[in-house]
Structures are given as C-alpha cells and as structure tokens.
Amino acid sequence: MFIEIRDLNFKYSNSKTETLKDVSFNMKKGEILSILGESGGGKSTVLRLIAGLEKPSNGSIVIDNRIIFDNNIFILPEKRGIGMVFQDYALFPHMTVDENIKFGLNILKRKEKEDRVKEMLELVNLQEFGKRYPHELSGGQQQRVAIARALAPKPSVLLLDEPFSNLDANLKIKIREELKIILHKAGITSIFVTHDKEDVKSIADKVVILKDGIVAQLGEAKDVE
Ligand code: ADP
C-alpha cells in the first residue's frame with residue numbers, strides 16, 4: 001500500500017475528549033480518497049496529522065514505505081513531501097499567480113523554476129493568467145492556483161480541505177469536474193475532506209466516513225448512499 005494509516009489517536013490539548021480514535025485506512029498509489037462526515041467529526045484533524053501540523057498520541061503513518069510518524073519517529077511537515085490546499089486557498093495576495101506557484105521551488109535553478117511554473121499553469125489550464133494577482137481571479141481560478149502551487153514541488157500526496165466550500169452552488173458542478181480532471185492528469189494520490197456525498201461520488205475512488213472521530217465506514221466511493 002502506498003499510504004498506511006494505523007490506529008491514529010489524537011486529542012487537542014484544550015479538549016477533554018479524544019478527537020480521533022483508532023483511525024486507520026490504506027490507499028494505493030494514484031487513488032483519490034474522500035473523508036466524509038458532519039462538521040466537527042475530525043476530518044480536518046486527520047489531514048493535519050498526515051501533514052505533520054499536529055502530533056498523534058499513538059499510531060503510525062507510512063507513505064511510500066517511509067515511516068513519517070510512529071512512536072519513535074516524527075518527520076517535520078516540510079520533509080514529508082505532502083502538498084496541501086486549504087479551505088481559503090491561502091494564496092499570497094501581494095504575489096502574482098506565477099510568483100505564488102514559484103514560492104515553494106527555492107531549490108530549483110531559475111530556468112527549472114520557470115519550466116515548472118509553465119507546466120503547472122498548463123495542468124490547471126491557466127496559461128494566460130500568470131501575471132495576474134489573486135484578487136483578479138474567480139474563486140474557481142484561485143483554487144486552481146492553490147492546487148498548482150501545492151503540486152509544483154512534486155509532492156507524493158495532495159491533501160485538500162473542503163475544496164468546494166468557498167464556491168457558489170452553480171459553479172460547484174463545473175469545478176468538481178475540473179478538479180477531477182486535474183487530479184487524474186497529475187496522477188497524484190489525493191485525500192480530500194467534504195461533508196457532501198455528491199463530491200465523493202463524482203470524484204473519489206474510496207471513502208472513509210468519519211463520525212465523532214471514529215471510522216464508521218470505509219469503502220468504495222460509488223457505494224456511498
Ligand atoms: P471537521 O473537519 O470534521 O469539521 P475538525 O477536525 O475540524 O472536524 O474538528 C474536530 C473536533 O476538534 C471538533 O470538535 C473541533 O471543535 C475540535 N477542534 C478543531 N480544532 C481544534 C483546536 N485547534 N483546538 C481544540 N479543538 C479543536
């Protein structure tokens with residue numbers, strides 16, 4: 001398995017009860033998994049643990065045969081090779097689209113950076129928008145920039161937290177299709193969080209249903225009712 005999440009337990013320091021209890025699931029390379037559930041169920045927390053923004057109290061996380069967390073090991077977030085797209089996209093407002101995408105590419109030479117930015121703009125179909133600023137883009141376009149920025153350093157996994165929450169209902173169907181196309185074109189192993197079953201059915205291969213911090217169901221996305 002490409003991703004192996006085993007028995008993750010977690011409690012926020014100011015919380016009385018466990019936020020996550022024995023959360024486990026596996027993923028194959030290139031698969032798209034959705035974490036589905038009502039608000040407060042612990043979906044975003046699972047992403048935060050995988051990204052390394054919080055530390056589980058026990059359990060293990062293995063990605064591509066590399067232990068990134070267990071009782072003895074804690075790999076820092078920036079060393080995990082994980083890309084993340086936040087709910088609000090978190091684009092840098094004072095930077096152009098090109099500069100936003102270039103941001104995480106410091107180790108590359110200038111020409112390589114430019115090539116990668118071009119490749120990413122093509123992937124998300126924004127070739128003409130490199131010189132614009134985030135406020136000059138629609139919500140859907142901003143989301144595509146956030147995805148391009150997250151994918152530019154070639155992460156092994158992409159995490160997306162409620163990718164559709166900031167979009168109006170009319171746009172949602174179109175943006176869903178676009179996201180599906182981008183993820184498949186990139187071939188990236190992805191996990192996205194949502195509270196909407198329709199997102200799961202139209203984009204994901206697998207689904208984990210999270211209820212009060214417990215995995216209530218784990219299966220094929222197409223079987224979600
Ligand atoms: P979901 O993504 O399913 O809405 P979250 O993972 O955001 O759920 O939250 C799970 C639970 O943890 C909720 O009860 C929430 O209030 C609590 N929680 C989230 N973030 C924090 C935090 N930083 N400190 C304390 N409790 C938190």
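For segment 119-135, the candidate set comprises residues that are part of a helix (DSSP H, G or I) and touching a residue at least 12 places away in the same chain (Cβ under 8 Å); within that set, the residue that is surrounded by the fewest Cβ atoms within 10 Å (Cβ to Cβ) is 135. Note on segment 155-179: among residues that are more than 18 Å from residue 43 (Cβ to Cβ) and at pLDDT 95 or above, the one that is surrounded by the fewest Cβ atoms within 10 Å (Cβ to Cβ) is 156. Any residue at all in segment 188-205 that is of a type in the set (Asp, Glu) and not assigned by the TED database to the domain that holds residue 9? No. Exactly one residue out of 210, 183, 108, 159 is within 29 Å of residue 66 (Cβ to Cβ) and part of a helix (DSSP H, G or I): that is 183. Considering segment 1-23, and only residues there that are away from the ligand (no atom under 16 Å from the Cβ) and under 26 Å from residue 186 (Cα atoms), the residue that is most open to solvent (accessible area, probe 1.4 Å) turns out to be 1.
Every condition in (1) loosely packed, with under 14 Cβ neighbours inside 10 Å; (2) among the aliphatic types (A, V, I, L, M); (3) more than 16 Å from the ligand (Cβ to nearest atom) holds for residue 32 except the one numbered (1).
Could you tell me whether any residue of segment 202-225 is under 27 Å from residue 11 (Cβ atoms), basic (Lys, Arg), within 14 Å of the ligand (Cβ to nearest atom) and open to solvent by 10 Å² or more (accessible area, probe 1.4 Å)? Yes, segment 202-225 contains a residue that is under 27 Å from residue 11 (Cβ atoms), basic (Lys, Arg), within 14 Å of the ligand (Cβ to nearest atom) and open to solvent by 10 Å² or more (accessible area, probe 1.4 Å). For segment 35-57, the candidate set comprises residues that are near the ligand (Cβ under 10 Å from one of its atoms) and polar (S, T, N, Q); within that set, the residue that is most open to solvent (accessible area, probe 1.4 Å) is 39.
The values are calculated or read from the model by the stated rules, or taken from the named source; none is laboratory data. Since the structure is predicted, the reported quantities are computational estimates derived from the model, not experimental observations. Positions of Cβ are backbone-derived with ideal geometry, glycine not excepted, and every protein chain shown enters the neighbour counts. Side chains included, ligands, DNA and RNA excluded: accessible areas come from the protein's heavy atoms. Shrake-Rupley method; radii C 1.70, N 1.55, O 1.52, S 1.80 Å.
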